[in-house]
Amino acid sequence: MDLDKSIQTRHSVRKFSNKKPDWRNIIECMDAMRYAPMAGNNFTLKFILIDDEEKIRKIAEAAQQQFIAETKFVVVVCSDMSRTKNLYKENAEKWTRQQAGAAIQNFLLKIEEFKLSTCWIGHFVEGMIKKELKIPENIDVEAIFPIGYEFQKSKTRNAKIDLDRILYFNSYGNSKMKSPKG
């Protein structure tokens with residue numbers, strides 16, 4: 001699939017069909033996360049692929065979003081900040097979050113390529129997720145992704161905001177690019 005098309009058509013899905021995706025395709029999508037930039041080439045992410053219906057139901061409860069329970073698979077993305085903290089001290093948390101975001105975007109684009117659907121879930125009770133999945137206390141849960149096929153294809157979305165409303169040149173608020181002198 002064309003990258004521009006993937007970026008422009010990707011959207012969050014909260015209503016899934018009963019069709020079960022091939023778990024191998026999901027793993028291939030997860031593999032794309034390994035190619036994201038990492039501070040000092042220190043890979044901090046861990047992934048959990050869940051197909052256990054009871055665990056998925058409990059994850060839906062922890063996120064207070066019932067639609068998650070209707071999917072056949074959930075991917076949980078975690079970070080181990082310990083090595084990054086040793087290397088970069090006070091910047092570790094910020095850089096670990098940036099790394100997670102970059103990796104997740106790779107994953108989302110690959111999901112689109114496989115014609116799968118998901119919704120990036122960032123609201124959840126982390127302690128409940130950790131308990132259910134036996135995630136160690138020092139590991140952070142970054143996000144949850146219910147995976148499936150969209151129940152009914154939605155219309156292609158338009159750009160969320162005009163670029164000229166969010167693009168500045170040389171300083172914040174400067175909306176004009178100046179011609180080079182000379």
Looking only at segment 68-97, how many residues end up being aliphatic (A, V, I, L, M) and more than 30 Å from K20 (Cα to Cα)?
3
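Give me the residue from segment 69-90 that is in contact (Cβ under 8 Å) with a residue 24 or more places away in the chain and assigned to a helix (DSSP H, G or I) and, out of that set, least open to solvent (accessible area, probe 1.4 Å). Can you show your working first?
Filtering segment 69-90 down to residues in contact (Cβ under 8 Å) with a residue 24 or more places away in the chain leaves 70-84, 87-88.
Then keep just the ones that are assigned to a helix (DSSP H, G or I); that gives 70, 82-84, 87-88.
Details: E70: 99, S82: 54, R83: 143, T84: 0, L87: 105, Y88: 65 Å².
Filtering first and then ranking leaves T84.
Quick one: which residue in F47, F107, F43 is assigned to a loop (DSSP other than H, G, I, E, B) and either closer than 25 Å to R10 by Cα or out of contact with any helix residue (DSSP H, G or I) (no Cβ under 6 Å at 6 or more places or on another chain) (or both)?
Numbers: F47 fails: assigned to a loop (DSSP other than H, G, I, E, B); F107 fails: assigned to a loop (DSSP other than H, G, I, E, B).
Only one candidate passes the filter, namely F43.
Give L109, L49, L45, L3 a once-over and let me know the one that is free of Cβ contacts under 8 Å to residues at least 40 places away in the same chain and either within 18 Å of the chain's Cα centre (by Cα) or open to solvent by less than 90 Å² (accessible area, probe 1.4 Å) (or both). Quick ask: steps written out before the conclusion?
On the way: L109 fails: free of Cβ contacts under 8 Å to residues at least 40 places away in the same chain; L45 fails: free of Cβ contacts under 8 Å to residues at least 40 places away in the same chain; L3 fails: free of Cβ contacts under 8 Å to residues at least 40 places away in the same chain.
Within the list L109, L49, L45, L3, the selection yields L49.
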Working only within segment 91-101, note down all residues that are hydrophobic (A, V, I, L, M, F, W, C) and open to solvent by 30 Å² or more (accessible area, probe 1.4 Å).
W95
Within segment 17-42, which residues are in contact with a strand residue (DSSP E or B) (Cβ under 7 Å, 6 or more places away or on another chain), open to solvent by 100 Å² or more (accessible area, probe 1.4 Å) and modelled with pLDDT under 90?
none
Show the residue pairs that are 6+ apart or on different chains and have beta-carbon atoms under 7 Å apart, the first residue being within segment 154-177 and closer than 30 Å to T118 by Cβ, the second being at pLDDT below 85.
S154/H11; T156/T9; R157/H11
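The values are calculated or read from the model by the stated rules, or taken from the named source; none is laboratory data. Just so it is clear, the structure is predicted and the values come from calculations on it, not from any experiment. All Cβ positions, glycine included, derive from the backbone under ideal geometry; neighbour counts span all protein chains shown. Accessible surface is based on the protein model in full, side chains and every heavy atom, while ligands, DNA and RNA are left aside. Shrake-Rupley method; radii C 1.70, N 1.55, O 1.52, S 1.80 Å.
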